Structure formats: C-alpha cells, structure tokens
1. When averaged across all projection directions, what area in nm² does the alpha-carbon convex hull of the stretch A:2-66 cover?
2. In nanometres, what is the gap between the two model label sites at residue B:88 and residue A:11, each 7 Å from Cα along Cα-to-Cβ?
3. Mind grabbing the base-10 log of I(q)/I(0) for the stretch B:3-213 at q = 0.09, 0.11, 0.14 Å⁻¹? Debye formula, identical points on the C-alpha positions, no solvent, two decimal places.
4. Arrange A:122, B:215 by Cβ neighbour counts within 10 Å, fewest through most, would you?
5. Please state the relative contact order of chain B as a whole percent: Cα pairs under 8 Å, 6+ residues apart?
6. At R0 = 30 Å, how high is the FRET efficiency between residue B:144 and residue A:275 if r is their beta carbon distance? Nearest 0.05 is fine.
7. Wrap a convex hull around the Cα atoms of the stretch A:92-178, take a quarter of its surface area, and give that in square nanometres.
8. In µm²/s, what is D for the stretch A:1-133 at 37 °C and 0.692 mPa s, where D = kT/(6 pi eta Rh) by Stokes-Einstein and Rh is the Kirkwood radius from Cα pairs?
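Laboratory data are not the source of any read-out in this text; all were calculated from the coordinates shown. Predicted model only: the values in this text are computed from it and were never measured. Reconstructed Cβ throughout: ideal geometry from the backbone, glycine too, with neighbour counts over all protein chains shown.
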C-alpha cells in the first residue's frame, strides 16, 4: 500500500509536473517583462501536438540519431526513480546509488551529444562540443556536493541521505553546497547565465542547437526529457535546502515550483555569459562546492 | 555548533573567493566591504553564542571599529581612487582568472588541512575559525601576487588582514583591546598610504599597473 502511494506520487511529480515547471519559468519571465505570457499548460499542448506529427529523418543519420532522445528521456526518468520524491524512500535505492544518479544524467547528455554529432551538421557539432565542456566541468561540482552530503549524513544512498538531513538547517556547509548545486542546476538545464533557451541565433545556442534536426515525437522526447531533468535537479535542490519538505509530496511540488519561479527571476535579471566566462562560472561553482566539503569535514571534526 | 558565527565564517570565505574570481575592480572592493560587515557582526555572533548576555564593551568597540573602518572608510577610499584612476577592470592578471580560481580552491583546501594540524591551546568559539582565518590569509596573498592592478593588490592586503583579524577574534577574550584597535588603525593608515601611492602611480604612468614599477630607467 505504501509503495503504491509512493509510486503514484513519484509518477505525478516525475512524469506530470515537468512541463508545468517550464511553463512557470516562461510565465515568470513574461510577467517580469510586462507581457501576459503563454498559458501555464502550453507545454502539455506542445507535447501532444508534437507527438501526433510524423518525424522526418535526414538520409545521413543512423540509429544513433533516433536513439538519442529516447535514451536521454529514459536515463533522466531512471535518475528520477533514484530520488526520494515525496513519499518515503525512492522507488529504487541501494548503497552508492548517488554515483548512478550522476552518471544517468551524464548518459542522457552523452546520448543527446551523440545524436547531435550523428547529423553531421557543423552547428550541432559545435553545440555538442560546448555541451561536453559544460557537462564535464559541472560534474566536478555535482560530485563535490554529493560527497559533502555523504560526509554530512554518513549514508551512501540518496534516500538515506535525504532521510538523514533533518538537522541540516543550521549547517553553513550545506548552504554552500546548495548554492553550488543551484549554480550547476542552471548550467545542467541550459538556463540563462550559461545558455539562452529563447535565442534565435544558432551560434550562441548550446542545448537548443542539438535539437535542431529532431522533429515530431523525437522533439517531444527531447523537450520532455529536458523538462524532466529540470524537475529531477530541482527536486534534489529542494531536498538539500528544505529536507522536511522533500518528504511531503505537496511541499516538494511547492518547492520545485519555487525553484522554477527563482529560475524565471534569474533569467529576467541576468544576461547570458560570454562563452569564456562560462568556464569560470563552472570552476567557481566547483570551488564553492569544494569549500562546502572542507567546511563540512572541519565541522564534523574529521579533518 | 555555533550557528550564526559558522554562517558568517563560511560567508567570509565565499566573499574572499569572489574577490579572487571577479575581474571588476569595483566588485573586488565591494567584496572587501562585505567582508568588513561580516567582521563587524562576527564578534557579536561569537559573544552571543551562549546565552543572551549583553555584549561586553570590548566586543562592541571591536564591532563598531571594524564596521567604521573595514566596511565603510577603506572601501569608500578605494572606490574613490578607482574613480580617480579611471580603471574598471583587471585586464591582464599575472595568472588567468581560471587558474586563480583553481589555485584559490586549492589554497582553501590547504588552509583547512593546515588548520586541522594545529592544536589550539584552549577551546575556540568555533571550529571554522582557524581554517577560515588561514584561508583568508592565503587568498589575500594570492590576490597580492596574481594581480597587476594596485587596487586589487590593496584588496588582497585587506583580505589577508581580515584573516588575521578573524584569528585574533578567537583570542579576543585573552587579548587586550588596545592591540586590536591599534591593528585596525594600522590598516587604515596603510590603506591611506596605498591610496596616495595609487594616485601617484596613475598620475605618473596614466594607469595603475604595478609592473611599470619593476623596470628601472636610467
């Protein structure tokens, strides 16, 4: 019975919520710019429309191109299953699953990059190369944050970590880790200081340019997968900032929506960084996560 | 764990990192001003940790001294000399910003390790105190060494001195206030001298790049 409830909530938060989160980001940006903005549920309509269309494949592409969006979506969904989404433990939990979590997100990224390279388009190759650079630098910060959590709780599984984070509210190391994670979240989800999701110039795109050749259901999978990645990473952030909320599905959904609003505000207030500065941003967030780890070690008395 | 003080100490490290990571001189100075505000709050936070006893006059004087000198006077002076010299960015630092940030992270790790090796003679008010103090000293050195602009080097000196100040706070209850105050005043005088030097460099060379001082002319 308990698992049935947990499964239902996880399915709702992981499968149903993501397009709404993107809708909220777009809406917040529109309101901040003084426009009315698209309806909040536009994301669902777009997905439904794309799923009805017939995909078009270029003659130069192979199965790698077709597999990309599917693998990316499946990997992100699997990563979501490792997170405790609302009701108790995650659907899947074992010692060391946080490494699998990080690399499932990495696998999704790899699949999208391979698909982009498979088209042979120079724009997409450029996007893939930027994505690889951003991903490999962001991974350092993600792992340092995860190690900080392991040190803070003494657990090796995401479910156990978030169950053990009760007393974390007054710990400066965890706030530093949360700040580093928030910075990486923007990079992972191709949001504004790193990548501009609304740009029309292929030369400046990172995530969008890799989706240029996808059409119909494939494009729906790409967009749905990106939205789901946003949901998964923001659930991780909510669990870190407000551990008590991560155990109640409604509060977790509220927290994820708050993250989406915050992203919208950041996007309204900032401009995209120049590409050389992106490297600096990511190294800086890794340094922040490193300080969090060092502080946690000292506060635990382990160093 | 002493909550508020730990937060302030963590924030102090982050502002020092920010000063290393930014290329804008004004942002660098503002980071040091923020450090001044944190340093003003820190003695109070350390004092109020156990119970709500009113702070001793010693601590109050220390806090207000830090606020007036480190958070207001010195940053105002530096911002003025930036305006006077008309320099806004660190154009070509000795070490690129990426290397600086990586180096800064390594220095913070080193500082935390060194602090772990040191055994304080008595119980310190916060475990983070010594590591953060050492980290600030090292990051200050990094700023002094890795940058060309005189203003950034002054900020580096300030960050370094803030580290020393934090270290002193750990001993605040064992240390006569006269020593602390004389340190605060020394810094103010030092920055005055540097401010005047910056103005002279900028008048003589049309910029405040200190590498110009290294070459001899007949």
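1. Numbers: hull surface 30.6 nm².
The directionally averaged projection comes out at 7.7 nm².
2. 5.6
3. -0.34, -0.51, -0.80
4. Numbers: A:122 9, B:215 6.
Result, fewest neighbours first: B:215, A:122.
5. Details: 296 pairs, mean separation 53.1, N = 218.
Computed over chain B, the figure is 24 percent.
6. On the way: r = 30 Å, r/R0 = 1.00.
So, using R0 = 30 Å, E works out to roughly 0.50.
7. Details: hull surface 25.7 nm².
The orientation-averaged projected area of the Cα hull of the stretch A:92-178 comes to 6.4 nm².
8. Working: Rh = 17.4 Å.
Estimated via Stokes-Einstein, D reaches 189 µm²/s.
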